[in-house]
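A.B. asks: Mind having a look at this structure? Questions to follow.
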Amino acid sequence: MITRNPYIANLKAGYLFPEIAKRRREFAAAHPDAKIISLGVGNTTEPILPHTNEGLTEGARKLGTIEGYSGYQDEGLPELREKISSVFYGGKFGIDEVFISDGAKCDIGRLQILFGSAAKIAVQDPSYPVYVDGSVLAGAAGGWEGNAAGSGGYKGITYLPCTADNNFFPNPDLIPRGSLIYFCSPNNPTGAVADRTQLTALVNAAIEKSCIIVFDAAYSEFIRDPNLPKTIYEIDKAETCAIEVNSFSKPAGFTGVRLGWSIVPKAIKYSTGESVNADWSRIAGTIFNGASNIAQAGGLAALDSDGLKEVRKLTDFYLGNAKLIRDALEKLGIKCIGGDNSPYIWAHFPGRDSWEVFSQILEKCHVVTTPGAGFGPAGQSFVRFSAFGHRPDVEEACKRLEKL
Ligand code: PL4
């Protein structure tokens, strides 16, 4: 019999979000009358807006015509790649530096294959669990060294604590030389957004220490403060050390449609001088067959002038939810960050175990959240509230939080 992949065996527990779903199911089974509201997983709830939806519909319709039919598109529709470069990066990148994907998470997984088991990993702590779990699966980390409650970490991973004491921005001095740094801004789960000075310090540290940054900008369209950078490439020389992953999931409601992109600049080189872009193209060409052409037609519609108005409207809606949640929590004296330029609110319950707070909120309020420890050791005693939900549900959840 074939032996089990030892890297899978290194994972300490199941993936966070199915675990939350399991606990919700168990609670629902034990309390069949409870009307549970989810502010847990960051999953969009509102319909795709008409202009973008028309792009998707038209994309599907064209496939039924001889002149409109298309098959494999590998690295993506050239017009979409060009549009992404012009809308988000002022045309700074050529289309051979813009890779269309089926979502940011999927590209993060492929990036983990690109950098492989030899990569030295540094992550913000707390962070989106895919960075750590995926690195363990790729063999770039060893086994769990800590307790089941979430204290400790995986062998070989450098956790960069992001706490109230450092304004949720890690100390660049802690980044090991030659590492692959996962950095997310606006951050999941803390909702913190790195400012220009902070990102400059990150980029300078990466260049000085020969690191590559994987910058996850999946929530960039939630930024409202004009002084906050929406992309790492607003920082001088970032194109020499940073790959950016991004997504249509949250801004256009495409969580189920599946569309994203990655920027892999040609200026990024390995220490041995080879091109990272060329290797990425090789990986993508080998294990990925491109995003759906219907999704790409929708993506093109989302990026024209009417589509961008819809992106603004949809993100404004979720930010409205975020404000309601943060206000409700702060009224109860709970310290929070996030929710102003991001769809996540990071609420602090000092001295408490985050899974215990999660259970308390579920039991008393019938509201699902996400326990901070699920995002890393520094998430202990925090709980994440997601702003993705129908407005009446969010309003009802806010009322119920008064029972805390
Ligand atoms: C649950 C920082 C959510 N099953 O949709 P994608 O693949 O373009 O983007 C996924 C993604 C990428 N980067 C960041 C993210 O926060 C997410 C989505 N995260 C959450 O609640 O944290 C959904 C999680 C989903 C998953 O595992 O991604």
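A.B. asks: Determine whether region 212-222 contains at least one residue that is more than 10 Å from the ligand (Cβ to nearest atom), over 30 Å from SER354 (Cβ atoms) and either part of a strand (DSSP E or B) or touching a residue at least 24 places away in the same chain (Cβ under 8 Å) (or both).
C.D. replies: Among the residues of region 212-222, at least one is more than 10 Å from the ligand (Cβ to nearest atom), over 30 Å from SER354 (Cβ atoms) and either part of a strand (DSSP E or B) or touching a residue at least 24 places away in the same chain (Cβ under 8 Å) (or both), which makes the answer yes.
A.B. asks: Next question. For region 291-317, which positions are part of a helix (DSSP H, G or I), within 15 Å of TYR69 (Cα to Cα) and small (Gly, Ala, Ser)? Give the derivation first.
C.D. replies: To start, the set of residues in region 291-317 that are part of a helix (DSSP H, G or I) comprises 293-302, 305-317.
Okay, now just the ones that are also within 15 Å of TYR69 (Cα to Cα), so 293-297.
Hits for region 291-317 are ALA295, ALA297.
A.B. asks: Which pairs have Cβ atoms under 8 Å, sit 6 or more apart or on different chains, and link a residue in region 374-400 that is in the same structural domain as TRP355 (by TED's automatic domain parsing) and over 13 Å from GLY40 (Cα atoms) to one that is of a type in the set (Asp, Glu) and away from the ligand (no atom under 16 Å from the Cβ)?
C.D. replies: Every condition considered, the pairs that remain are GLN380/ASP353; SER381/ASP353; CYS398/ASP327.
A.B. asks: Quick one: HIS51 ticks every box in (1) out of contact with any Lys or Arg (no Cβ under 7 Å at 6 or more places or on another chain); (2) away from the ligand (no atom under 15 Å from the Cβ); (3) not in a helix (DSSP H, G or I) except a single one, so which number is it?
C.D. replies: (3)
A.B. asks: Scanning region 270-290 for residues that are touching a residue at least 24 places away in the same chain (Cβ under 8 Å), surrounded by 14 or more Cβ atoms within 10 Å (Cβ to Cβ) and not in a helix (DSSP H, G or I), which turns out farthest from the ligand (Cβ to nearest atom)?
C.D. replies: Per the criteria, the residue is GLY290.
A.B. asks: When you go through GLY59, GLY116 one by one, which is the residue that is of a type in the set (Gly, Ala, Ser) and crowded, with 21+ Cβ neighbours inside 10 Å?
C.D. replies: GLY59
A.B. asks: Restricting attention to region 52-69, does a residue exist that is within 20 Å of SER262 (Cα to Cα) and not basic (Lys, Arg)? Walk me through it before giving the result.
C.D. replies: The first filter runs over region 52-69 and keeps only residues within 20 Å of SER262 (Cα to Cα), leaving none.
The answer is no; no qualifying residue exists.
A.B. asks: Regarding ILE243, is this residue part of a strand (DSSP E or B) and either in the same structural domain as GLU97 (by TED's automatic domain parsing) or more than 16 Å from the ligand (Cβ to nearest atom) (or both)?
C.D. replies: Details: part of a strand (DSSP E or B): yes; either in the same structural domain as GLU97 (by TED's automatic domain parsing) or more than 16 Å from the ligand (Cβ to nearest atom) (or both): yes.
Judged against the criteria, ILE243 is a match.
A.B. asks: Can you say whether THR197 is outside the structural domain of GLY339 (by TED's automatic domain parsing) and surrounded by fewer than 16 Cβ atoms within 10 Å (Cβ to Cβ), as far as the supplied structure shows?
C.D. replies: Numbers: outside the structural domain of GLY339 (by TED's automatic domain parsing): yes; surrounded by fewer than 16 Cβ atoms within 10 Å (Cβ to Cβ): yes.
Criteria met by THR197.
A.B. asks: What residue, of GLY320, GLY256, is more than 15 Å from the ligand (Cβ to nearest atom) and either over 30 Å from LYS209 (Cβ atoms) or in contact with a helix residue (DSSP H, G or I) (Cβ under 9 Å, 6 or more places away or on another chain) (or both)? Step through it out loud before you land on a result.
C.D. replies: On the way: GLY256 fails: more than 15 Å from the ligand (Cβ to nearest atom).
On inspection, the qualifying residue turns out to be GLY320.
A.B. asks: Failed condition for GLU19, given (1) over 20 Å from VAL136 (Cα atoms); (2) at pLDDT below 95; (3) acidic (Asp, Glu), with all others met?
C.D. replies: The single condition GLU19 does not satisfy is (1).
A.B. asks: Scan region 308-324 and report the pairs whose first residue is β-branched (Val, Ile, Thr) and whose second residue is at pLDDT 95 or above and part of a helix (DSSP H, G or I), with Cβ atoms within less than 8 Å and a gap of 6+ or a chain change.
C.D. replies: VAL311/GLU221; VAL311/PRO251; VAL311/ALA252; VAL311/ALA302; THR315/GLU221; THR315/PHE222; THR315/LYS250; THR315/PRO251
A.B. asks: Restricting attention to region 369-380, does a residue exist that is of a type in the set (S, T, N, Q), part of a strand (DSSP E or B) and either closer than 29 Å to ASN171 by Cβ or modelled with pLDDT of 95 or more (or both)?
C.D. replies: Here is the first cut: in region 369-380, the ones of a type in the set (S, T, N, Q) are 369-370, 380.
Then drop every residue that is not part of a strand (DSSP E or B), which leaves 370.
Narrowing further to those that are either closer than 29 Å to ASN171 by Cβ or modelled with pLDDT of 95 or more (or both): 370.
Yes; the residues of region 369-380 include at least one that is of a type in the set (S, T, N, Q), part of a strand (DSSP E or B) and either closer than 29 Å to ASN171 by Cβ or modelled with pLDDT of 95 or more (or both).
A.B. asks: Could we say that THR57 is within 23 Å of VAL311 (Cα to Cα) and within 16 Å of the ligand (Cβ to nearest atom) here?
C.D. replies: No.
A.B. asks: What is the one condition in (1) out of contact with any Gly (no Cβ under 7 Å at 6 or more places or on another chain); (2) surrounded by fewer than 13 Cβ atoms within 10 Å (Cβ to Cβ) that TYR72 does not satisfy?
C.D. replies: Single failed check for TYR72: (1).
A.B. asks: Residue under question is ILE20, and the condition is that it be surrounded by 12 or more Cβ atoms within 10 Å (Cβ to Cβ) and either touching a strand residue (DSSP E or B) at 6+ places or on another chain (Cβ under 7 Å) or of a type in the set (Val, Ile, Thr) (or both); does it hold?
C.D. replies: Spelling it out, ILE20 is indeed surrounded by 12 or more Cβ atoms within 10 Å (Cβ to Cβ) and either touching a strand residue (DSSP E or B) at 6+ places or on another chain (Cβ under 7 Å) or of a type in the set (Val, Ile, Thr) (or both).
A.B. asks: Quick one: in region 187-211, which of the residues that are touching a Leu at 6+ places or on another chain (Cβ under 9 Å) and either small (Gly, Ala, Ser) or free of Cβ contacts under 8 Å to residues at least 40 places away in the same chain (or both) is farthest from the ligand (Cβ to nearest atom)?
C.D. replies: By that ranking, first place goes to ARG196.
A.B. asks: Give the number of residues within region 165-185 that are among the small types (Gly, Ala, Ser) and crowded, with 24+ Cβ neighbours inside 10 Å. Spell out how you get there, then give the answer.
C.D. replies: Taking region 165-185 first, the residues among the small types (Gly, Ala, Ser) are 178-179, 185.
Subsequent filtering for residues that are crowded, with 24+ Cβ neighbours inside 10 Å retains 185.
Here the count works out to 1.
A.B. asks: So which residues in region 1-48 are within 23 Å of the chain's Cα centre (by Cα), of a type in the set (D, E, K, R) and either outside any helix (DSSP H, G or I) or away from the ligand (no atom under 16 Å from the Cβ) (or both)?
C.D. replies: LYS12, GLU46
The values are calculated or read from the model by the stated rules, or taken from the named source; none is laboratory data. If you're wondering where the values come from, they're calculated on a predicted model, not measured in any experiment. Methodologically, a virtual Cβ is constructed for each residue, glycine included, from the backbone with ideal geometry; neighbour enumeration extends over all protein chains shown.
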